[in-house]
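The structure that follows is given in the form of structure tokens.
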Amino acid sequence: MHEKFYITTPIYYVNDVPHIGHAYTSIASDVIARFKSLEGNEVMFITGTDEHGQKVEKSAAVKNMTPQKFTDLMSESFRKLITKANISSNDFIRTTEERHKKFASIFWQKLMENGDLYLGKYSGWYAVRDEAFYSEAELTPEGLAPTGAPVEWVEEPSYFFALSKWQDKLLEFYENNPGFIRPESRRNEVISFVKNGLMDLSVSRTSFKWGIPVPNDNEHIMYVWVEALSVYISVLGFSSDLYQKFWPADVHVVGKDIVRFHAVYWPAFLMAAGINLPKCIMAHGWWTNEGQKISKSLGNVIDPFQLIDEFGLDQVRYFLMREVTFGNDGNFSKENLINRTNSELANKIGNLLQRTLSFISKNCEAKIPAVSKEFLDNFHEIPILRMANRIVVANSEHMKRFELNNILDNIISLAEEANSYIDHEGPWQLKTTNPQRMLEVMYTLTDVLRYIAIMLLPFVPSSAEKMLDQLAVSKDHRKFEHLQKNFAATPGMQILEPYPVFPKFVL
Ligand code: MSP
């Protein structure tokens, strides 16, 4: 069970400030990283910024700044988002750092030595916004990239990566590793893209300077994606102890727009360089804002800092993870955020906590009820505990496929069940008719709440910690291994004065 787990977010372009899409990728990765760590694994979780290329160079020019100054400034706002969104990453790497430049050059040289790079001349379409090359056939009737980005004609000397040569090897790899690309729909898209034939890829540019020079040919700089992808290794330090321990990555979390780079180019580069391939590329969907594509020109970009200030971090994290099936697109709406957090976090979970703890405060001397040993011996046979234990197992299976929202579905069902359990058992009546049973019911509820809070930790870390504080669960008993038969709420522990953890919003 105790394994190493290496997870990455994409490194973010610094041409603009962070928006909700970046926050989403980072939060989803953080949920996975925290979950894996609560399972007892040793987790390495990295993120960072992608600072080279034409797009960033142009944005710096618009601001009248040198690219270095501009990237220093912009990268900082992504670093701030890490703190603001409570992202538990272990390292933050910028592609302008020496450690990255060093490995990017080694990586290039490996491709060169193995005969996968050759010098030629590129002529074709390039979209700066996507930092991607497109063939004539891929353009829309209006002459735009398939992503809608404007394209320009580029003709320049260029090194090429012999991608075509790797077509069969890639297809064989997808075949033998069915979990490599998730979800299934993306895997099918990638396979049909590769089956349609791969062209050699232009991997260097000569028409601008903001990049890492090609070793032994300083006229050229590396194509931004070649070096950017290699960051997943440079951050560990090639051949270092960390590298030996954590590479290959267990999962690269990416948005659907950059699947091709991660699931086609990256494995081909790695095969060519003789380096092991990552185990999974998990592609999430895109968010629209109140039904509209999010774009600067439409002026509907959602600022994650403002959103968190307005609604609270855990409320935003919960909404983003709960609203859509991970992998599908989602629509952001403040009304939905309010409805979700009110009906689930406040009414189902918060209310359950309040009802339980206030009752215990008033009727059980504010202590986890003292139940008999006999009761505790058979505790895990109680239907609601059986349900809780089933969910712990099911959730760990869901996480293997990164089905994050299914995990939340299960937690919410448990809270619903616990709410019905109170109504059905009626501790208020039991107080006079059967006080011992009342203690048992309240004990059961505190333990189910402990399950709920521990399982919520990856999603809403600070609120779940508050729940556990209120439930008097000791700090070193908050891992998934404590959701087992030999751990339970400790009878007689003093609980804190209950206070609401999940506020309710008015529409
Ligand atoms: N720099 C590259 C990644 C290089 S990885 C070696 C890049 N950067 S990005 O800043 O443009 O995008 C980073 C992530 O944000 C991507 O995973 C992308 O899918 C995600 N999102 C950007 N807009 C988004 C939405 N509207 N919705 C959800 N995620 C989106 O690509």
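So ALA472 clears everything in (1) in a helix (DSSP H, G or I); (2) out of contact with any Phe, Trp or Tyr (no Cβ under 6 Å at 6 or more places or on another chain) except one condition, right? Which one?
Failed condition: (1).
Let me ask another. Quick check, is SER207 of a type in the set (Gly, Ala, Ser), part of a helix (DSSP H, G or I) and open to solvent by 10 Å² or more (accessible area, probe 1.4 Å)?
Against the criterion (of a type in the set (Gly, Ala, Ser), part of a helix (DSSP H, G or I) and open to solvent by 10 Å² or more (accessible area, probe 1.4 Å)), SER207 does not qualify.
Considering only residues of the range 281-298 that are surrounded by 15 or more Cβ atoms within 10 Å (Cβ to Cβ) and among the aliphatic types (A, V, I, L, M), which is nearest to the ligand (Cβ to nearest atom)?
Top of the filtered list is ILE294.
If you go through the range 101-156 one residue at a time, how many are assigned to a strand (DSSP E or B) and either at pLDDT below 95 or open to solvent by 20 Å² or more (accessible area, probe 1.4 Å) (or both)?
Count: 18.
Does ALA228 count as of a type in the set (Gly, Ala, Ser), more than 30 Å from ALA137 (Cα to Cα), within 15 Å of the ligand (Cβ to nearest atom) and under 19 Å from the mean Cα position of the chain (by Cα)?
No: the conditions fail for ALA228.
Could you grab me the full set of residues in the range 1-37 that are within 11 Å of the ligand (Cβ to nearest atom) and charged (D, E, K, R)?
Passing the criteria: only ASP16.
Assess whether ALA263 counts as being more than 30 Å from LYS121 (Cα to Cα) and either out of contact with any Leu (no Cβ under 7 Å at 6 or more places or on another chain) or touching a residue at least 12 places away in the same chain (Cβ under 8 Å) (or both).
Criteria not met by ALA263.
Here is a follow-up. Could you pull out every one of the helices (runs of 4 or more DSSP H) wholly within the range 268-378 that has 2 or more residues that are in contact with a helix residue (DSSP H, G or I) (Cβ under 7 Å, 6 or more places away or on another chain)?
In the range 268-378, the matching helices (runs of 4 or more DSSP H) lie at 304-311, 313-323, 334-340, 351-363.
Given the condition hydrophobic (A, V, I, L, M, F, W, C), modelled with pLDDT of 95 or more and part of a helix (DSSP H, G or I), answer yes or no: does some residue in the range 175-184 qualify?
Within the range 175-184 (the criterion being hydrophobic (A, V, I, L, M, F, W, C), modelled with pLDDT of 95 or more and part of a helix (DSSP H, G or I)), the answer is no, since none of the residues qualifies.
What number of residues within the range 379-411 are within 16 Å of ASP447 (Cα to Cα) and either assigned to a helix (DSSP H, G or I) or open to solvent by 40 Å² or more (accessible area, probe 1.4 Å) (or both)?
Of the residues in the range 379-411, 14 are within 16 Å of ASP447 (Cα to Cα) and either assigned to a helix (DSSP H, G or I) or open to solvent by 40 Å² or more (accessible area, probe 1.4 Å) (or both).
Going through the range 230-251 one residue at a time, which ones are within 10 Å of TYR6 (Cα to Cα), not in a helix (DSSP H, G or I) and not hydrophobic (A, V, I, L, M, F, W, C)?
Those that are within 10 Å of TYR6 (Cα to Cα), not in a helix (DSSP H, G or I) and not hydrophobic (A, V, I, L, M, F, W, C): PRO248, ASP250.
The values are calculated or read from the model by the stated rules, or taken from the named source; none is laboratory data. Here the structure is a predicted model, which means the values were calculated and not measured. Positions of Cβ are generated from backbone atoms using ideal geometry, with glycine treated the same way; all protein chains shown enter the neighbour counts. For accessibility, only protein heavy atoms count, side chains too; no ligands or nucleic acids. Shrake-Rupley method; radii C 1.70, N 1.55, O 1.52, S 1.80 Å.
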